[in-house]
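Trainee: Would you mind keeping the following structure in view while I ask a few things?
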């Protein structure tokens, strides 16, 4: 009989992350979002006038992927690109419909946070403490 592998906090955190990422994806799907789109919309709301290049850098994806996602946002009425013509820098802004979707998504995140905390308050507090130590300016 082989011994189980030693405990790995890295593998455990990745496993928990995947479980909760799946829960978040399921909660965002009825809103027409996935985790990447949710993050992109959040960056656009947080930085009105953001460019495609900066949005790509912050999201750690290609500019082409950002263009594709933003095109869908514009078509859905979630984002406005006030300077959407060839040769000019874009100036992306969230629309009232985009604000509504983000508000509804935030409600789903809050619901999941409550569920997570109810299941494991100690882990929730440990994660909060770790974030505060790792990113003190946040």
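Trainee: May I ask for the angle, rounded to the nearest 10°, between helix 35-46 and the longest principal axis of the chain, with both axes built from Cα atoms and the value confined to 0 to 90°?
Mentor: Once rounded, one gets 60 degrees.
Trainee: Can you sort 29, 37 from fewest to most other Cβ atoms within 10 Å of each residue's own Cβ?
Mentor: Details: 29 10, 37 19.
Fewest to most other Cβ atoms nearby, the residues stand as 29, 37.
Trainee: How high is the relative contact order of segment 28-109? Use alpha-carbon pairs under 8 Å, at least six apart in sequence, and give a whole percent.
Mentor: 34 percent
Trainee: A further question follows. Can you tell me the relative contact order of the chain? Whole percent, Cα pairs under 8 Å, sequence separation 6 or more.
Mentor: 21 percent
Trainee: Compute the angle between helix 9-28 and the longest alpha-carbon principal axis of the chain, please, reported from 0 to 90 degrees and rounded to the nearest 10.
Mentor: 50 degrees
Trainee: Order the peptides 38-47, 107-116 from the highest to the lowest mean number of other Cβ atoms within 10 Å of their residues.
Mentor: Working: 38-47: 18.9, 107-116: 13.0.
For the peptides 38-47, 107-116, the packing ranking is 38-47, 107-116.
Trainee: Sorted by mean Cβ packing within 10 Å, highest first, what order do the peptides 90-98, 61-69 take?
Mentor: Ranked from most to least packed, the peptides come out as 90-98, 61-69.
Trainee: Rounded to the nearest 500, what is the chain's calculated 222 nm mean residue ellipticity when only DSSP H runs of at least 4 contribute -39500 (n - 2.57) each, over all residues?
Mentor: Calculated at 222 nm, the ellipticity per residue is -22000 deg cm²/dmol.
Trainee: What Kirkwood radius, in Å to one decimal, follows from the Cα pairs of segment 95-138?
Mentor: This gives a value of 12.1 Å.
Trainee: Sort 135, 73, 52 by Cβ crowding within 10 Å, fewest neighbours at the top.
Mentor: Ranked by crowding around the Cβ, least crowded first: 135, 52, 73.
Trainee: Rounded to whole Å and sorted largest first, what semi-axes of the equivalent ellipsoid does the C-alpha gyration tensor of segment 31-134 yield via the square root of 5 times each eigenvalue?
Mentor: Values: eigenvalues 188, 51, 22 Å².
Sorted largest first and rounded, they come to 31, 16, 11 Å.
Just so you know, all these numbers are worked out from the coordinates, no wet-lab data involved. Everything numeric here is computed off the predicted structure, so don't read it as measured data. In this analysis, Cβ positions are derived from the backbone assuming ideal geometry, glycine residues included, and neighbour counts consider all displayed protein chains.
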